[in-house]
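Engineer: Structure in structure tokens, see below.
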Amino acid sequence: MWSRSTLTYRVSFLMTVVGNACMTALDFVTIAIIFGHTRTLGGFTLAETAFLYGSSGVAIGLADLLLGSLDGLGRRVRDGTVDALLVRPVPIFAQVAADRFALRRLGRLTQAAVVLVWSLIRLHVAWTPGRALLLPVMAVSGAAIFGAFYTAGAALQFRAGDAAEVQSSFTHGGGTMTQYPPTLFARELVRGAVFVVPVAFVNWMPALWILGRPEPLGLPGWTGWLSPAVALAVCALAGLAWRAGLRSYRSTGS
């Protein structure tokens, strides 16, 4: 319904998508400006950094397109309209995810995909079947990890009422962090991104294996293939958090 409504005014929709893509492209413009003054960033070339940027952008772009509406759950909790969702014969998670579904988010996804394709053309990588296979696995796993963050953040809003900014710090904050090489960050922060909040498995770990670069924490190279397992684990935890949050919902009391 929301997609049909958006496509009613096609020119407006296209302008919104292009504007969305241009806004997110400013992040890559910043990276390009940095490389205007240096040949490498944390030991990574422009093409390698663009590969990290594109892979991170595609992952969070997919998650944002499908589950970005979950950050509006706090508003429904505050005004009590979650009650209306509970009496419908459709899972509440699907209803909230589809609420005000925004096709304009395709702009961010498309822009990141363009940068990713450009980086693949410029990279000097000996492509093997394993590297080629890990590329789509990385994109899907990264999207699932960010989707789990969206879900866990939405679950928190059942109790907090409005935790959209907390949710954003893990989704958009994690997306921005993984656009840059891990060698730019302190080892403690990288360790936290691997073992605590596993945003490193969105693209850092698999990308390092694809690029043939050593892992900054000294972990074995095959850890890049753990992204699907990490994605399944965080999705399972997010599912439990969602069920707990939904059970704690008590309406507005009015």
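Readers should treat all values here as calculations from the given coordinates under stated rules, not as data from a laboratory. Fair warning: this is a prediction, and the values are worked out from it, not measured in the lab. Cβ placement follows ideal geometry from the backbone for every residue including glycine, while neighbour counts extend to all protein chains displayed.
Engineer: With axes computed from alpha carbons, what is the tilt in degrees of helix 10-35 against the longest principal axis of the chain, rounded to the nearest 10 within 0 to 90?
Structural biologist: Around 40 degrees separate the two axes.
Engineer: Summing Lys, Arg as +1 and Asp, Glu as -1, what charge do residues with Cβ under 15 Å from the Cβ of residue 25 carry, residue 25 excluded?
Structural biologist: Working: positive: 104, 105, 108; negative: 27.
Charge balance in the 15 Å sphere: +2.
Engineer: Is there a quick way to get the dipole size of region 2-247? I mean about its Cα centre, with the Cβ of Lys and Arg at +1 and of Asp and Glu at -1; what is the value in debye to the nearest 20?
Structural biologist: Details: 19 positive and 11 negative charges, 71 e Å.
Result for region 2-247 is approximately 340 debye, rounded to the nearest 20.
Engineer: How far, in nm, would the chain grow between residue 32 and residue 114 when pulled straight, counting 0.36 nm per residue and subtracting the alpha carbon separation? Intermediate values should be presented prior to the final figure.
Structural biologist: Working: separation 82, 0.36 × 82 = 29.52 nm, distance 1.48 nm.
My answer for the length gained is 28.0 nm.
Engineer: Let's test the formula: R0 of 25 Å, r as the Cβ-Cβ distance of residue 8 and residue 166. What FRET efficiency results, to the nearest 0.05? All intermediate terms of the calculation are to be shown ahead of the outcome.
Structural biologist: Values: r = 35 Å, r/R0 = 1.39.
Rounded to the nearest 0.05, the efficiency is 0.10.
Engineer: Sticking with this structure for a sec: Determine the relative contact order of the chain: mean sequence separation of Cα pairs under 8 Å and six or more apart, normalised by residue count, in whole percent.
Structural biologist: Values: 337 pairs, mean separation 69.8, N = 254.
Relative contact order for the chain comes out at 27 percent.
Engineer: Please report the spacing between the Cα centers of region 103-137 and region 202-229 in Å, no decimals.
Structural biologist: The two parts, judged by their Cα centres, are 16 Å apart.
Engineer: Tell me what the chain gives for mean residue ellipticity at 222 nm when only DSSP H runs of n ≥ 4 count, each as -39,500 (n - 2.57), the sum divided by the residue total, rounded to 500 deg cm²/dmol. Write down the numbers at each step before the final one.
Structural biologist: Values: 12 runs with 174 residues, N = 254.
Rounded to the nearest 500, the figure is -22500 deg cm²/dmol.
Engineer: Quick one, which of [x] 1.05; [y] 1.00; [z] 0.95 is the actual Rg/Rh (Cα atoms, Kirkwood Rh) calculated for this model?
Structural biologist: For Rg/Rh (Cα atoms, Kirkwood Rh), the calculated option is [y].
Engineer: Next up: Could you calculate the contour length gain from residue 186 to residue 121, that is, 0.36 nm times the residue separation minus the distance between their Cα atoms, to one decimal place in nm? Write down the numbers at each step before the final one.
Structural biologist: Values: separation 65, 0.36 × 65 = 23.40 nm, distance 3.04 nm.
Value of the extension gain: 20.4 nm.
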